[in-house]
Every structure is written in C-alpha cells, then in structure tokens.
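Undergrad: Before anything else, here's the structure in question.
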Amino acid sequence: MNKIKEVIVVEGQSDKRFLESFLNADILVTNGSANDGFEKDFLINLANTRGVIILTDPDYPGEKIRKEIENYLPTCKHAFVRKEKSIAHNKVGVAEASKEEVMRALNNLVTFSKNIIGNLTIKDLYNLKLIGENSKNNRQKIVDYYKLGHCNGKTLLKRLNYLQITKTELENILND
C-alpha cells in the first residue's frame, strides 16, 4: 500500500472508502461543503504540521470546495483527477476514477503561489488559441502538461499565473 504523509481532503465517504482500498493515508471528508466535517483551524494546523492535499471531484461542486479551502489554506497541495478518466455509472468523481488515475494525480501535485503572480493576460491566451473559438485542444494540451485539472479560460489564466508560466513556455508546449 502506498503511504501518504499529508492528509487528503475529499468530498464524500465513497471517495474515502475508494482511497482507503489502496492508500495508507489519513483522509478527511468534507461532506460536500468546505466547512463541513471539520473546523478551518483544524485544517490549518494539519497543513502546518503534515501538509494537506485537496483531491475533489473534477466538477463544479468539487472546484467550489477546492477554492474555498484554498482561500484560507494557500499552502495546500492540489491533486487533480482528469474528468474524462473519472466517469463511471453516469457519475463524475474521485470514486469513479481508476487507482492509476488517482496515483497519477497524487504523483503530480500542484501548489499555487498567490504571493508571486505571473504576467500572462487574457489577450495572451486568445493569441495562443487557449481560449475562444477552436481552443479546446490547445487548452487541454496545456492543462494536461501542467496537471491543472479541468479549467475554463478564466481559471486557466489564474492557475498559469500562480505557477508563473510565461507566454514563451506556452508557445513551446503548443509547438512541440
């Protein structure tokens, strides 16, 4: 069994049961809300002592929980399962992903720095065809390369700037 030092935060009990089947980790369940299941101060203390990994579903409610936690816990690590790899029985989520997909997400953790922001603009993303008409494939290539999770244009810009990705780096990836 894979041992994880950090505490993993998931949305539901089915996610927790699934992860416990192949991970040796402490897992907290939000029960669908970033403020349910545990106190903010408890999570902040965990982040300072062990670290916290957010592993929520690749959908709107999962992103909402992720953003809420990140607002008061900017040092948290993010693990993103890919939406297209996390669908089963007409549901999308961590519990619907394969063990391999979860391990891929846990092996490609991302921490966003809100203190140091890059200088990409929305115009840069339009010029690189990462947003706008016929941008889906280019955007997906960047999202996959940096392991950013499902992103619309605005979220993509924010996450790229948090990581201080330059326009030149994006051009190189898109031209590769």
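Undergrad: Residues being exposed (fewer than 14 other Cβ atoms within 10 Å of the Cβ) and small (Gly, Ala, Ser): count how many of those fall in region 33-76.
TA: 1
Undergrad: Considering only region 112-126, I want to know if a residue exists there that is surrounded by 16 or more Cβ atoms within 10 Å (Cβ to Cβ) and closer than 30 Å to residue 24 by Cα.
TA: Yes, the conditions are met somewhere in region 112-126.
Undergrad: Does any residue of region 86-106 turn out to be exposed (fewer than 15 other Cβ atoms within 10 Å of the Cβ), farther than 19 Å from residue 150 by Cα and touching a helix residue (DSSP H, G or I) at 6+ places or on another chain (Cβ under 6 Å)?
TA: No.
Undergrad: Give the residue that is modelled with the lowest pLDDT, with candidates limited to residues of region 2-30 that are farther than 19 Å from residue 98 by Cβ and touching a helix residue (DSSP H, G or I) at 6+ places or on another chain (Cβ under 8 Å).
TA: Across region 2-30, the extreme among qualifying residues is 30.
Undergrad: Taking the criterion of being at pLDDT 90 or above, farther than 23 Å from residue 51 by Cβ and either small (Gly, Ala, Ser) or outside the structural domain of residue 169 (by TED's automatic domain parsing) (or both), would at least one residue in region 128-147 satisfy it?
TA: yes
Undergrad: For residue 91, indicate whether it is under 24 Å from residue 20 (Cα atoms) and more than 13 Å from the chain's Cα centre (by Cα).
TA: Numbers: under 24 Å from residue 20 (Cα atoms): yes; more than 13 Å from the chain's Cα centre (by Cα): yes.
Yes, satisfied.
Undergrad: I need the helices (runs of 4 or more DSSP H) fully contained in region 1-104, keeping only those with at least 2 residues that are touching a residue at least 12 places away in the same chain (Cβ under 8 Å) and polar (S, T, N, Q). First the steps, then the outcome.
TA: Values: elements: 13-20, 40-49, 60-72.
Once the helices (runs of 4 or more DSSP H) in region 1-104 are filtered for at least 2 residues that are touching a residue at least 12 places away in the same chain (Cβ under 8 Å) and polar (S, T, N, Q), what remains is 13-20.
Undergrad: If the Cβ limit is 6 Å and pairs must be 6+ apart or interchain, which residue in region 125-149 that is over 19 Å from residue 85 (Cα atoms) and of a type in the set (D, E, K, R) pairs with which residue that is modelled with pLDDT of 90 or more and not in a helix (DSSP H, G or I)?
TA: Once the first residue is over 19 Å from residue 85 (Cα atoms) and of a type in the set (D, E, K, R) and sits in region 125-149, its partners that are modelled with pLDDT of 90 or more and not in a helix (DSSP H, G or I) give 129/135.
The values are calculated or read from the model by the stated rules, or taken from the named source; none is laboratory data. As the structure is a computational prediction, the values presented were derived from the model and not from experiment. Here the Cβ is made from the backbone with ideal geometry for all residues, glycine too, and neighbour counts use every protein chain on show.
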